[in-house]
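For reference, the structure is listed below as structure tokens.
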Amino acid sequence: MSKVIISSLYDSPVFKMACRQFDQAADAISLPETLRDRTKYPRRCFAVSLPIQRDDGSVTVFEGYRVQHNLSTGPSKGGIRFHQKVTIGEVAALSMWMSWKCSLAGLPYGGAKGGVIVNPTQLSDFELERLARRYMQELIPFIGPDTDVPAPDMGTNEKMMGWMMDTYSNHVGHISPAIVTGKPIALGGSQGRREATGAGVAYLVKAYLADFKISIEQATVAIQGFGNVGSEAALALVEYGAKVIVISDYTVGISNAQGIDIRKALQYISTQRVLKDFEGGDEISNEELLELDCTVLIPAALDRVITPENAPKLRCRVLAEAANGPTTYRADKVLEKRGDIEVIPDVICNAGGVTVSYFEWLQNKQNYYWDKEEVMAKLFKILDKAKHAVEAQKSRFGFSRRLAAQTLGIQRVADAKESRGLFP
Ligand code: GLU
């Protein structure tokens, strides 16, 4: 039963998609009406304007957002996206998914997300620094290590987290590393955080392939998006013995049936910034990539790339959602009906990132640091546990894997809200 969206503030296709998923999950677990809208809608949001002096002396005002969806289960947690197509509705949808993701992984966090409308590739490093610092400066009254803890997302990286941490620390008058995660190691970042999201995706792909009795050595992989998540997933999958036959970024896709040399591609990106003209294979488009014959398809870039139009044409066995929200609600129905593609849904598939963010925050609070082996072992244990819970929920109620994962995440948030009661 789909419901009318009451929020005009967030109204957008991607927010509607997150709400439809929620409604379906709430129906599936018969969530009481009194808890539904409380659990579904974001608790609060901030919109900030960010005047930045450009390198040529001019001033540009950027717009940024932070949506704190839920703080009932802990400080809210989630990345900050720098992208030209950011909208407050998208940020709100992403904040909802953060809530279900943290909850499913059993992390003591609520969900949040931030975004700035900017194409970061068009700004110099100095301009990006000013923007990152200004964004943090504007949010200082509303965030904190026990209130809301940002992290990197699309278009942001550990360098920016370092600037944000420095801005916050200067404000409070002492070093406060737990204000953001995904920082450089020198500033209290965790071993393994940079790799965590991609490594988690690869680990789950390996574990699920074993369940489906598909040999990873025989598996071919197509990855859309070659940022931090896509490239780390590629490296880890190659390490496990899989063959990555296509990679892409927003400029081009590169296909090579013999397997792409991932390290060479990374080297190329480090000087050229984009994959365009990389000579490690033949050029294909991002649309062609999605419809390619492969064992595992990994969308690791934008949301809503698997649509009702291309869903009937997918030719993968496994769809591993490294991106947040890559499959639209209607495309999901097409895949469910087809029944021949195993979906590893985003809220579990990419949960490795926020899980190691949690470890980073813990280490910061304790001032006691772990080695990478310990981080990875603890990460895989949490992912195993979440996977086990999802599979149990799936077979117990006959849900799709996405519905199983989302109902588990939503239920815990709703339980916390019910237990806390309504403030008079
Ligand atoms: N941006 C990442 C995500 O979507 C990581 C969030 C975090 O580490 O807090 O899960």
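Throughout, read-outs are computed from the coordinates displayed, never taken from laboratory work. As the structure is a prediction and not an experimental result, all values here were calculated from the model. Note that we place each Cβ from the backbone using ideal geometry, even for glycine, and neighbour counts take in every protein chain shown.
By how many nm would the segment from residue 44 to residue 270 grow when fully extended, if each residue of separation counts as 0.36 nm and the alpha-carbon distance is taken off?
Stretched fully, the residue 44-residue 270 segment lengthens by 77.5 nm.
Say a paramagnetic label sat at a point 7 Å from the Cα of residue 171, along Cα to Cβ; which residues of segment 54-74 have their backbone N under 16 Å from it?
Taking a point 7 Å out along Cα→Cβ of residue 171, the residues of segment 54-74 whose backbone N falls under 16 Å are 64-68.
I need the phi-derived Karplus couplings for segment 47-55: 6.51 cos²θ - 1.76 cosθ + 1.60, θ = phi - 60°, integer Hz, Gly and Pro marked x.
Here the 3J(HN,Hα) series is 10, 10, 9, 10, x, 10, 7, 7, 4 Hz.
Between residue 27 and residue 285, 0.36 nm times their residue separation minus their Cα-Cα distance comes to what?
Full extension of this stretch gives 89.0 nm more.
Quick check on my link table: of 243/394; 85/385; 337/387, which ones sit more than 31 Å apart, alpha carbon to alpha carbon?
85/385, as the Cα separations exceed 31 Å there.
Provide the percentage of antiparallel DSSP beta bridges, counting only those with both residues in the chain; round to the nearest 5.
Percentage antiparallel, nearest 5: 45.
Can you compute the FRET efficiency between residue 7 and residue 261 using 1/(1 + (r/R0)^6), with r the Cβ-Cβ distance and R0 = 51 Å? Round to the nearest 0.05.
0.60
Just from the alpha-carbon atoms, what are the Rg and Dmax of the chain in angstroms?
20.4, 64
Place the peptides 71-84, 121-134 in order of packing, highest mean first, counting for every residue the other Cβ atoms within 10 Å and averaging per peptide.
Highest mean packing first, the order is 71-84, 121-134.
When you have a sec, figure out the Kirkwood radius of segment 255-311 from all distinct Cα pair distances and drop it here in Å to one decimal?
13.0
May I ask you to list the aspartates and glutamates whose Cα is less than 15 Å away from that of residue 40, ignoring any residue fewer than eight positions away on the same chain?
Hits, sequence-local ones excluded: 11, 23, 27, 90, 415, 418.
Just to check I understand the Karplus step: with θ = phi - 60° and J = 6.51 cos²θ - 1.76 cosθ + 1.60, what whole-Hz values come out for segment 362-368, glycine and proline as x?
Karplus-based 3J(HN,Hα) across segment 362-368 equals 4, 5, 4, 5, 8, 6, 9 Hz.
Run the numbers for residue 35 and residue 367: contour at 0.36 nm per residue of separation, minus the present Cα-Cα distance, in nm.
115.7 nm
Rounded to the nearest 500, what is the chain's calculated 222 nm mean residue ellipticity when only DSSP H runs of at least 4 contribute -39500 (n - 2.57) each, over all residues?
Using -39500 (n - 2.57) per qualifying helix, the result is -15000 deg cm²/dmol.
Between residue 84 and residue 119, how many nm apart are label points set 7 Å from Cα along the C-beta direction?
A separation of 0.2 nm, rounded to one decimal place.
Ordered by residue, what ³J(HN,Hα) values in Hz, to whole numbers, does segment 278-287 give under the Karplus form 6.51 cos²θ - 1.76 cosθ + 1.60, where θ = phi - 60° and Gly and Pro are x?
Couplings: 5, 9, x, x, 8, 6, 9, 8, 4, 5 Hz.
For segment 342-370, list residues with backbone N below 12 Å from a point placed 7 Å from the Cα of residue 185 toward its Cβ?
Counting only backbone N, you get 370.
In square nanometres and to one decimal, what's the mean projected area of the convex hull around the Cα atoms of segment 31-111?
6.4
Computed from the mean reciprocal separation of all distinct C-alpha pairs, what Kirkwood hydrodynamic radius does segment 273-424 have, in Å?
It works out to 18.0 Å.
Between residue 250 and residue 337, take the C-beta separation as r, use R0 = 41 Å, and let me know the FRET efficiency to the nearest 0.05.
0.85
Give me 172, 61, 390 ranked fewest to most by other Cβ atoms within 10 Å of their Cβ, as a rough exposure proxy.
The fewest-first ordering by Cβ neighbours comes to 61, 172, 390.
What number in nm² do you get for segment 338-423 if you take the convex hull of its Cα atoms and divide its surface by four?
Averaged projected area of segment 338-423's Cα convex hull equals 8.1 nm².
Report, ordered by chain and residue number, the lysines lying within cross-link reach of residue 183, taken as a straight Cα distance under 16 Å and ignoring same-chain residues fewer than 8 apart.
Within reach: 77, 159, 365, 372.
What is the log10 of I(q)/I(0) for segment 1-141, computed with the Debye formula using one identical point scatterer on each Cα and no solvent, at q = 0.08, 0.14, 0.19 Å⁻¹?
Cα-only, vacuum Debye calculation for segment 1-141: -0.25, -0.68, -1.07.
Determine, at each q value in 0.22 (inverse angstroms), the log₁₀ of I(q)/I(0) that the Debye formula gives when each Cα of segment 140-282 is one equal point scatterer.
Log-scaled intensity ratios, in q order: -1.23.
Based on a Kirkwood Rh over C-alpha pairs, give the Stokes-Einstein translational diffusion coefficient of segment 246-363 at 25 °C and viscosity 0.890 mPa s in µm²/s.
So the translational diffusion coefficient is about 158 µm²/s.
Quick one: putting +1 on the C-beta of Lys and Arg, -1 on the C-beta of Asp and Glu, what dipole do you get for segment 303-424 around its Cα centre, in Debye to the nearest 20?
About 380 debye.
Report the Cα centroid-to-centroid distance between segment 47-92 and segment 286-320 in angstrom, as an integer.
If you average the Cα positions of each part, the centres end up 29 Å apart.
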